[in-house]
Structures are given as C-alpha cells and as structure tokens.
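What follows is a single structure, written as structure tokens, with notes after it.
The values are calculated or read from the model by the stated rules, or taken from the named source; none is laboratory data. If you're wondering where the values come from, they're calculated on a predicted model, not measured in any experiment. Note that we place each Cβ from the backbone using ideal geometry, even for glycine, and neighbour counts take in every protein chain shown.
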Amino acid sequence: MKYFLYQLKKNPLAIVGIAIIVFWLFAAFIGPSMMSFTHTQIDADHQMARPGTNGHLLGTDSLGRDILSRIVYGSRSILTVALLTSIFSTIIGILLGFSAGYFGQKIDALFLRTMDILMAIPPLVLSMVVLGILGDSSILSLTIIVSIAFVPATARVSRGVLLTEKSQEYVMAARIRGESHLYIMFIEILPNTTGPIIVEATARFAYSIMMVASLGFLGVGLQPPTPDWGMMVIENKPIIDQAPWTVLFPALAIASLVIAISIFSDFVSKVLVHER
Amino acid sequence: MNDNILDIQNLNVHFSTFDGLFSAVNNVSLALKKNESIGIIGESGCGKSTLSFSIMGYLAKNAQVDGSILFKGEELLGKSEKELEPYRGNRIAMVFQNPYSSLNPSLTIGFQLDEVSMHHQKLSKKEARAATLQALEMMNLGDAKGIVRRYPHQISGGIQQRICIAMALLCKPDLLILDEPTTALDVTTEAVILESISKLKESLNMSLIYISHDIGVINKVAQQIVVMYNGEIVEQGPKKEIFENPKHPYTRALINCMPRGGVVKEKTKLNTIAGYVKRRGANEGGCPFSDRCEKKNEVCEGQYGIKEVSPRHLAACDRAYATDIPDVFAAKLAPLKRQERKQEEEQENLLQIKDLHKVYGTRRKVYAVNGVEFAVKPHSVLGIVGESGCGKSTTGHMISGLYKPSKGNILFRDTDISLSWNKRDKETLKNIQLIFQNPGRSLNPSHTVERIIGRAMQKLANITDEKERRARIIEILKKVDLGVEYLQKKPSQLSGGEQQRVAIARALSISPSLIVCDEPTSALDVSVQASVLNLLNDLQIDTHVAYVFISHDLNVINYLCDYIMVMYAGKIVEYGKRDEVMENLHHPYTEALLSAVPEVDPTKQKKPVDLQGQLPDPAKKIQGCPFAGRCHKQLGSICEKEFPPMVQLSDDHYYYCHIKK
Amino acid sequence: MNRSAQMMLRRLGSLIATLVVMSFIIFLLVEIMPGDVAQMILGQSATEEAVAALRQARGLDDPLLQRYGRWVKGVLVGDLGESVYMQGVAINSILWRRVGHSLVLAFTAFIMFVPLSIFLGVLAGVKEKKPADSVISFFGLATMALPEFVSGVILITIFAVQLNWFPIVSVIPIGQTLFQNLDILVLPALSITFVMFGYVSRMQRSSMIGVMNSDYIRSAILKGMPRKYVIFRHALKNALLPTITIIGMNMGWLFGGLIVVETLFGFPGMGSLLMTAIKTRDVPLIEACVLLITIIYSLSTMITDILYSYLNPRIRFQGGQR
C-alpha cells in the first residue's frame, strides 16, 4: 500500500486517470439528479442547438434532447455493463483456466480445443451476431454474451498463472499432505495469482467499455429509452457536418473513460509487478 | 611503474533503491599482477559479482561508483560505453554462470564467435572463422565444424560453457574474469573445464579472476584467495595460508563450515555462523562482520582495517584464533563426543524398492529411472548421489508419491505404496514427507509460518484444536531454533536458512518415519548449509526419523549419510556403507565422481579422471551398462551389450560391473 | 521435413474441424432466431397458406440436420444461397465484391499499423524511460482500447468536416471501382490503425525491453560489440519474433474493427453487408458472411503460426540435446 502511494506520486498521469474514473462513477451515481433536463426531454424549439444555447451546455441533438443529460444518464448503463462483464468474465476465466491448467491432459486439451473454436470468430462479430439475432438486448444479455466472447482471453491468463504456480514446490508440498484438488487450487494457488489476474481484470474493464460502446454503435446494445453512448454516435452521424457536437461529445466521453481505465490498468500492473 | 594488470583502489559501489542507499562494494582495494590468478570467495551478498561488473563498467543505472580501477595503468572508471568497447571482449573478457542464457538463441554459434575477432581484430569473415575453429579445438571440442553451424539450443550445457570460454579467449585477453562458470554444471563436467582453464592460463599468459562460493573449485585454478564479506575484502593471501592459518574470524568460520573428506557427523558438528547478512547502508563504517562474530571484544572495532600479517597475506582482523574468547567450535575439527544411538537391530526394512521404473511422455519417451532396487533401514540416512539426469530426484519423487512409478513396487513396512499422492492413505502420507531444494518456493508465499506448519498437523495428525496446535507449533519451532515471533511471518520476510528451517519444521511436525530430502542445501550459502545439516543431524538423532538424502554434492553426503547409493543414467551403480563406498572405490563411475570433487584443502589436490563423452540419450532404452562409452576402465564390447552383474562385497555393499576383482 | 509436414497437416485438420463446429453453431443460432423467414419474404399481408407453401418449397420445415447438410453441400460447391431480403438475389453476386473491398481496406490498415507499431515499439523499448518512450507509451496506452468509431468520428470531424481533405462518407459512386476512389480508404484505415497500433506497439516495446535486459545481450555488450550493432544484429530478431504471434492473435480485433469502421463510413465492404443482414434478419446472408469471416480469420491465424515456426530457430531446428 505504501508503495502504491509512492508510485502514485511519481506518476501524475495515473492520478489523472483515477480522477477521470472517479468523475464518471460520480456522474453515474449522482449525475442524473443534478441535470436540469432528462435524457428524453425534448426541447422542440432548440433542435440541433449549439452548445451553450438555452441552458444546454453541450447542445442538443436533432430531436432537441439535451446532450449533456443523455451522456450523464448513459454513463450509468455503460459502466454497469462493463463492470459486470469484466467481473463475470474474470471469474469464469479463473474457473475454466484453473481447471484446465491444474488437471491438465484431457481436460486441458478439451479446454484448448473449445477456446480455439470460440476464438475462430472475432469477439465483436460473435457478440454482434448473437445479440442481433436475439433482438432486445438487456443488461443481462449484454453482460453474458460479451463475457463469453472475452472468456478465451481471461481464461488464457488464468491458465498461464496457474501453470506457473503449479510447478512450484509448495504445491508439491500440499500434495503430499493429501490436500484435495479444490483446496490446492483455491487456497494454495489462488492467493498467489492475484497480481496478474487483477491486472488482466482491469485491462478487461477497458476492453469491456470498448465492446459495449461498439455494440451500441452497431445498434445491438441497450435499446431506447436507455441512452447508449455508442448509439448516440451512430444516430447523429448523418448530421456530423452540420452539428458535429452531437457526435463528438459522446465520442469524447467514451474516449475519456477508456483512456482513463487503460492508464489505470497500466499503473496497477507497474505497482503489482514490483510487489513480487 | 608496476606491472600490475589490475589496480583497484578504494572502490565504492552504492545502489539507490526504494528503501534507500545501500552499499554493495565498500572500500575495496585489490591488485592483480600479470599472469597471476586469484579466486574471490564469498557468500551471497558479499559483492563479488558487483565487483567484477564494476571492472567491466557494467552496472545498473542506479549505481553510484567512486574510487579507481586501473587496467594496465589506465583508469577505467568514468569511461563511456564507447570508450570501454575496445577493452571488452578484447583485453578484458568475462564468462558467466549460465551458458545457455548467455548465448543468443537466434544466432548460430559460429556467428557469435566470429563477430568477436571480426570486430576487435578486424579480421575478414574467413580469417575469423579459422580463428573460431581454432579456439574451439583449443577447448577440446571435437566436431568444431559441426558446432559452428548449430544454434545454442542444440548443444548441451557443458559444451555451451566451453564455447563461452573459447569466445572469451579469442582475442587473447590480458584479464579473464569468470563468475561462477561451473556452478550450473555437473561435477565431472566441471572438473574437465577447470583443467582446461588452468592449462590455458599457462599457455596464454593470462591473468585470471575466478569468482565462486566453492573454495575447492578456486583451489584448482587460483593461487591467491580473496575473501569477501558484505562488500569488503576481509582477507587475502596464498591459498595454503588461508586454509591453514586464517586470520579473520569469518575466514576461519567459513572454511570450517565446509564439509569435506574426513569430516563426518559421528566425529563433529559443522561450524556455523550465527545470524545472517544484512544489507549495509551507504555510510556505515567499521567491521561488517561484528554483529555475527564470535571473537568480538570491546577493543576490536577500533583496530579494524586491512593490514599485512605476513608476506602477501592481508587481513582486516587477526582475531581468528584469539584466546581471550574461547572457541565454540574447535579450530581443527576435533573429535566430538556423541551420544551413542541405541543400536536398534530392527531387521525389518523401512522402505523396500523393487525394480522401480519411471518413463515420461507418450510419443517421445524419457527413461528417467530404469530399474532400481534398494532398501532403506529404519533410523538411518541413505544418501543418493549422482549427476543431472541420473534419476535421483525422480526416485525421491516416487517414494514421496509425487510421481506414480511406471513399473515396480515401493514397499513401506511391507505395504505396497506405489501409488501417487492422491491415492495414498493418510497413514502413509503422514509417514513419508519431503523437503525441497528451493526453500523459497516450497513455502506458500501467501501463508504465514503458523499456517504452513499447522496445516500438516491439522490434516494428517488430526490435531484439530487450535490452541493445542499452536502450542505444538511453538515447540517445533524451538526445535529448529526459531522463536515465537516467527509465527505470523510470511516466507518473504525470512532468509533462505530460516525458510528451510520452517520447511523442516513442517515436515517434522507430524512425526513421519521417513523424510525424503531433495537437495535441501544446494540452494543455500555454505554457512547456512552447515547449520541446516547440523540441524538435520540433531533432529535425526532426536526423533529417530530416517532420511533419504538426495544430493549431487558428495561432501555433503559424506558428512550426513550412513549409506551411500550412487546412481547413473537411471540405474544404481553402487550401494554401500558410507565409509566403504568413499574409501574403497569399486565402480569406475564412483571413482570418477570422487576424483572430480574439488578439495577444500589446497594441499590435497587430486587428478580427476578425464571422462569424455556425454550421458546416454534418455530417450533410448539402454542395453548394457549405462556407463559404457565413457568408462575409463571399460573392458570392451561386453560392457555395451550386457548389463553388468552385481558384485556383492558384503551384506550391504555391492556394485554392478563386469570387471572382476 | 517430415515432422513439419505432419504438423502442417495437423493444423489444417484442426482448422477444418473448427470451421465445421463453428459453422454448425452459427447455423444453429441463426435458425433458432425468432421470426418467420417465409413470413418476411412474403410480407405481412400474406395468407397462412402462402406462407406454409413457401416454407414447404424452401424446405424450411425439414429437420435441422437436414437443412444444415443442404447448406454445407451448397457451400462446398460455392453456392452460398440466396438473400432473403434482396428477394432471392444470389448471395455470390453481392458478397465477393464486398469481400474484395474489405480485404483492400484491411490491407491498407495493415500496411499502416504494422511498420509503425513495430518501429515505434522498438524505439520506445530501446529508449526506455526517456522522453521518446514516454510519448510513444502514452499514445499506445491511450489508443489500445479506443473504439474505432470514436477515433473515426474524431478524424472525420477534423479531416473531413473542418479541413475537407477526405470525404465524410466512404462510398463508391455507382459505375466506378474502388481503385478509382482510393481516398475513401484513408480515414477508415486510419481509424483501425489507432487501436492496432496501441496494442502492438506496447507488446513490441515490452518484448524489446525484455530482450535488452537478457543475459545474451549482456554478453554481447561485454564482448565489446557496439550498441547499435547489438540492437540490430542481436536484439531485434529476438524481439520481433513474438510480435508475429501478437499480430496474428489480434487479427480478431482487426476484423471487428472493419465492421465498425465500414458502418461508420458507409464503406461497401463485408462488414457493412453483415450489418445489413442482421438488421434485416437475412438468414442466408448472415450465415454466409459469418462463415467467410471465420474462414479468413482462421486462415490468417494459421499463416501466423506457420510463419512463427519457420522463423524461430528453436522450433525450426529441432534435435536439441539438452
């Protein structure tokens, strides 16, 4: 912990990153109550209004909806889905990756084969097709499907760490005590794998945002009335030359969140690497 | 103008880290004449590697250096990388510990050698290649033409190291620095390489700095010994004097820590050094050894400083044999009175191994253990010795249950336990335990000492009450000389020696009948090794547990074991009581092995048997004697075709050889 | 070379197995999609009998495996079926042109990001902790998870809307070919480049740093070899090798990016075709597109593997005695 703070001081960039993440968390929780407009409220007299007109700090879209409010309301859903996805995919990754790495041989071969097949389709394509077919996307369906698309990546990391630890002598010592497999995997090995797994989980969080936003952009994300940042970009794209702010601001919101999380993830890996 | 090749004056190397500035090399002054060879000996943290890298000008960015390093009169410190290039590999060359990682895996051997002469001596490709082939032949590498076309991964370790040495010698440097070059190699390979090095030193008129933790190795290649401790030179002098008449208490203690011929557990304990090495802050002065020294008195700090005590013999302190404080351990290893162990004439063998085999792999097979048969008597210590690939570790793993035998039986008190760990019953698991080579990795880094030791008790000895368990843990910790304060510590907070003690406590906590010790001291410093060996011995006398002690170090085996079993390429070649095996050599391999072990006493130099060739290919089943093809006493083709018969010399001494006595 | 021929065959075999399983899964997924295909073709006003008749004619009521078998047979002879949405137009006539366009776009992105990422990644690694490294690292970090449409939108705003250097929308005027309108490739390819650069340059950087800290580089330096020579002759080969694998592994993101970017820019490629197919529930078209994407992606992964095995001496020259 002390080292964390020490490194934080040396890394002003990380401080900025964390600040931005905190800002968005704040926006998601309390933001909506602070907005003067709701995300569906239509200001018919001020459609495609420039930022600053009539109390619309970031302008309005073609229907007259306040862009700032829509962004703030939208932060909730994108953060929720991305957070749930990264946690869920990490957990499944641990379960699958650990089992494959620990038991080896047939189970590992089965695992690798399955991952090969799952990886044969690019994750975005897979998610897009499945969600598109299913029709209405909810937070649950988005989480589950994107998690499945991410499992090959998270499981690979978990399997890798497990294999490294499996060859260590303390695992052998546990075996000749007659410990059960579950005990060895989760009580002996897991505590020593938290470093790489946490780093991977934070990176996964960034990729989850990317994926959710992209799916929203492609029209298979959360449906209206829930405002989706990606959806905001695509629906306002036709007027990008007349009212670029309608597209830019949601895009910049996505960019800021993604970059902040990436910076944070990089910082976490720097800190945890030293701890070893 | 002196003819010193190297003149180091008042060298200080400090490193700035997160925890502050610490001192790696402290006020070191050293002179090396032309053609002189010195050995630098010290344990981990003494600064010997840092010293050698300082000479080469290769230190990390957080290093602060001051002082002077003169090479043939020229100051090396302060030179830029570009200015140092003409020296490196050309006038000063270095050979490292791990030959495989020192070679570039993507370049052929030939390329890596040619470039040295091409760059430094401006030779053409053809000329450079000729020089390369010549250098390789100089190191006794036949098939030099084949080697230059290969990549490092296609070549074995011993040959790789010879290649690295050849590479260092290409430009006929004035100074050759070798940093533990044979530590990662087998003892017989090491012996061959050491011979080559000392011959070459003569023929090439080089000065040599040989760094090692093993004084026996240094004795073979160097005349002068330099003893370093915690960044400082504490003593230096001719090897005979250092051995017979050390002046510094550390030197004396260090030499007495080393097991060697004639030093056995029945006669004496090994000397140990209390405490452990602590990092030195940058501005600490005074004697670095005082907090661990037995001979410390009120006035010695004030008199600390390097002085000449006899010609060419310098020491920072001369209290090694000071009489105002009595010796805890005898100066010369005097006979020790030992409690006579009750001679329990148990006829029943504790462990019986019958025709044990282990084959790995499905498509590409590895024949690790090829039919071994032996017995372990209760309360005894059996040493299994051999070089890499002999199958000793695999055998130990099968005994403890980590591997399942491919064929054969392991009988524990007449019960067949040839099963892997997850099929063994609790009673068996309780009775057979294991201590590993690398103590840092054998303890779970996330668990506390209390949990590490207590878990075994909980699982196998049914001690479920937490209070009772804790009391027992404290008791066991006392037995291994660790106090109550260790309960909540994590392995990363312990030194190597302390970690190994915890591992021993863990194994002992459930009172097993047999402990397999798999190279338990190979990763430890000499002084730490000594205290662990003493501990293992005391515990064995105390609890009557039996050990199967696996090691590649014959001196250690000689110290601790009652019986010795020599393995080679998956088979037993000789088995017998320790004294009989060590003194009346019977199997040619045992003879070769013993002749290769470096001697701590510089006056006792032996000529090693020159073993050519390599271990047989583990992917193939061996027909005849596994040692055929390399044996210096080979009879003829019978050795290759037929497996040799057992020659029984007594009830417990036999070996397998065609040679009739 | 018998062993490597064996390896090749095995890889090919597993590729085919993967494709079979994948195609079946896709087929399954698409077929269980809600909504009646026949209904969609005939429209809302169709009678129940008409719908039933059409279902019969197209064999839509046949068991799943039979339909799958028919489809596979069709695929093997190159008949990908007919588009539902486009009223029976043969998929082959619309798909291949689009595939070509997408490949050109992918190729453009490829030649943009590969040399750039490798060069800057190596540079950052060699100059670790210096200003050049900080800048390159930061860019890599920022872009590695940046969605392609985000960078695309920013690029459009700057270069198309404000500066007018490139068209806002990347369409090909009717009657012309792609090659007559190469400027429409630039912004889309650039958008993809950002993300790929982020990931690859970071991996390249850490690979380079790892190599520069290795024992064999230490040996080379202590042999007196000059620094530049050490970097180019000793370090580079070892640092570049893993990058081949990394690029191969990330082709998936490249393909995903294609879809997003084609949708954003209106580029007539396979990605936008797939988008349309999903929106219109055009089952045969979805199946065909996904199948094709899977094939191309798997092939590229396999080529990467083979390239890596060829270039890595440890794998190419076996027979390592320990």
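Residue B:506 meets all of the listed conditions (1) part of a loop (DSSP other than H, G, I, E, B); (2) of a type in the set (D, E, K, R); (3) within 23 Å of residue B:384 (Cα to Cα) but one, namely (1).
Against the test of being farther than 21 Å from residue B:501 by Cα and either out of contact with any Phe, Trp or Tyr (no Cβ under 6 Å at 6 or more places or on another chain) or surrounded by 16 or more Cβ atoms within 10 Å (Cβ to Cβ) (or both), the options B:454, B:401 yield a single qualifying residue, B:401.
Are there helices (runs of 4 or more DSSP H) fully within the stretch B:414-478 with at least 1 residues that are under 35 Å from the mean Cα position of the chain (by Cα) and more than 12 Å from chain A (Cβ to nearest Cβ)? List them. Here the list reads B:449-460. Listed by first and then second residue, the pairs linking a residue in the stretch A:135-146 that is on the phi < 0 side of the Ramachandran plot to a residue that is surrounded by fewer than 17 Cβ atoms within 10 Å (Cβ to Cβ) and outside any helix (DSSP H, G or I), with Cβ atoms under 7 Å apart and 6 or more places separating them unless they lie on different chains, are A:136/A:223; A:137/A:223. Among the numbered conditions (1) over 26 Å from residue A:49 (Cα atoms); (2) without any contact (Cβ under 8 Å) to a residue 40 or more places away in the chain; (3) of a type in the set (D, E, K, R), the only one that residue A:241 does not meet is (1).
Pick from A:273, A:258, A:268, A:247: which is surrounded by fewer than 24 Cβ atoms within 10 Å (Cβ to Cβ), in a helix (DSSP H, G or I) and more than 14 Å from chain B (Cβ to nearest Cβ)?
A:268
Against the test of being out of contact with any helix residue (DSSP H, G or I) (no Cβ under 8 Å at 6 or more places or on another chain) and farther than 22 Å from residue A:14 by Cα, the options C:158, C:118, C:172 yield a single qualifying residue, C:158. Among the numbered conditions (1) of a type outside the set (Asp, Glu); (2) over 19 Å from residue B:176 (Cα atoms); (3) away from chain C (no Cβ under 12 Å), the only one that residue B:80 does not meet is (3). Candidates C:280, C:301, C:263, C:276: the one that is surrounded by 23 or more Cβ atoms within 10 Å (Cβ to Cβ), among the hydroxyl-bearing types (Ser, Thr, Tyr) and over 26 Å from residue C:124 (Cα atoms) is C:263.
For the stretch B:173-192, a tally of residues being among the aliphatic types (A, V, I, L, M) and modelled with pLDDT of 90 or more returns 4.
Yes/no matrix, rows are residues, columns are (1) closer than 30 Å to residue B:408 by Cβ; (2) at pLDDT below 80; (3) outside the structural domain of residue B:575 (by TED's automatic domain parsing):
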{"position": "B:279", "(1), (2), (3)": "no, no, yes"}
{"position": "B:282", "(1), (2), (3)": "no, yes, yes"}
{"position": "B:295", "(1), (2), (3)": "no, no, yes"}
{"position": "B:303", "(1), (2), (3)": "no, yes, yes"}
{"position": "B:310", "(1), (2), (3)": "no, no, yes"}
{"position": "B:340", "(1), (2), (3)": "no, yes, yes"}
{"position": "B:362", "(1), (2), (3)": "yes, yes, no"}
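Looking at this structure, is residue B:650 polar (S, T, N, Q) and without any contact (Cβ under 8 Å) to a residue 24 or more places away in the chain? The answer is no for residue B:650. Mind checking which residues of the stretch A:177-231 are within 14 Å of chain B (Cβ to nearest Cβ), surrounded by fewer than 19 Cβ atoms within 10 Å (Cβ to Cβ) and not in a helix (DSSP H, G or I)? Correct list: A:180 only. Residue C:191: hydroxyl-bearing (Ser, Thr, Tyr) and in contact with an Asp or Glu (Cβ under 8 Å, 6 or more places away or on another chain), yes or no? For residue C:191, the condition - hydroxyl-bearing (Ser, Thr, Tyr) and in contact with an Asp or Glu (Cβ under 8 Å, 6 or more places away or on another chain) - is met. What number of residues within the stretch C:238-280 are closer than 29 Å to residue C:310 by Cα and charged (D, E, K, R)? Within the stretch C:238-280, residues that are closer than 29 Å to residue C:310 by Cα and charged (D, E, K, R) number 0.
Residue pairs whose Cβ atoms lie under 6 Å apart, separated by 6 or more positions or on different chains, with the first residue in the stretch A:24-40 and part of a loop (DSSP other than H, G, I, E, B) and the second surrounded by 14 or more Cβ atoms within 10 Å (Cβ to Cβ), are A:35/A:69; A:35/A:72; A:37/A:66; A:37/A:69; A:39/A:69; A:39/A:70; A:39/A:73; A:39/A:227. Applying a threshold of 8 Å to beta carbon distances and a minimum spacing of six or more residues, or different chains, the list of pairs starting in the stretch C:131-154 at a residue that is more than 8 Å from chain A (Cβ to nearest Cβ) and ending at one that is of a type in the set (Lys, Arg) reads C:133/C:127; C:133/C:205; C:136/C:205; C:137/C:202; C:137/C:205; C:140/C:202; C:140/C:205. The residues of the stretch B:66-88 that are surrounded by fewer than 16 Cβ atoms within 10 Å (Cβ to Cβ) and not in a loop (DSSP other than H, G, I, E, B), listed by number, are B:66, B:68, B:74, B:75, B:81, B:82, B:83.
Identify, from the list C:211, C:230, C:261, C:283, the residue that is under 23 Å from residue C:104 (Cα atoms) and among the hydrophobic types (A, V, I, L, M, F, W, C).
After ruling out the rest, the residue left standing is C:261.
What strands (runs of 3 or more DSSP E) completely inside the stretch B:1-48 contain at least 1 residues that are farther than 28 Å from residue B:173 by Cβ? Answer list for the stretch B:1-48: B:4-17, B:20-33.
Comparison of A:104, A:132, A:64, A:93 shows that the only residue that is modelled with pLDDT of 90 or more and either touching an Asp or Glu at 6+ places or on another chain (Cβ under 6 Å) or under 27 Å from residue A:150 (Cβ atoms) (or both) is A:93. Going through the stretch C:155-191 one residue at a time, which ones are assigned to a helix (DSSP H, G or I) and among the aromatic types (Phe, Trp, Tyr)? Once the filter is applied, which keeps residues that are assigned to a helix (DSSP H, G or I) and among the aromatic types (Phe, Trp, Tyr), the stretch C:155-191 yields C:159, C:179.
Within the set of pairs 6+ apart or on separate chains, which have a first residue in the stretch B:537-551 that is under 20 Å from residue B:348 (Cα atoms), a second that is acidic (Asp, Glu), and C-beta atoms under 6 Å apart? Between residues of the stretch B:537-551 that are under 20 Å from residue B:348 (Cα atoms) and residues that are acidic (Asp, Glu), there is no close pair.
Out of all the residues in the stretch B:180-199, which are within 14 Å of the chain's Cα centre (by Cα) and acidic (Asp, Glu)? Correct list: B:180, B:186, B:190. If the condition is being assigned to a helix (DSSP H, G or I) and at positive phi, then the stretch A:103-118 contributes only A:105.
Kindly indicate whether residue B:585 is free of Cβ contacts under 8 Å to residues at least 40 places away in the same chain and within 29 Å of residue B:618 (Cβ to Cβ). When the stated conditions are applied, residue B:585 passes them. With respect to the conditions (1) under 28 Å from the mean Cα position of the chain (by Cα); (2) surrounded by fewer than 18 Cβ atoms within 10 Å (Cβ to Cβ); (3) assigned to a loop (DSSP other than H, G, I, E, B), residue A:58 falls short on a single one, namely (2).
Restricting B:439, B:445 to those that are buried (at least 20 other Cβ atoms within 10 Å of the Cβ), in contact with a helix residue (DSSP H, G or I) (Cβ under 7 Å, 6 or more places away or on another chain), assigned by TED's automatic domain parsing to the domain that holds residue B:377 and not aromatic (Phe, Trp, Tyr) reduces the list to B:439.
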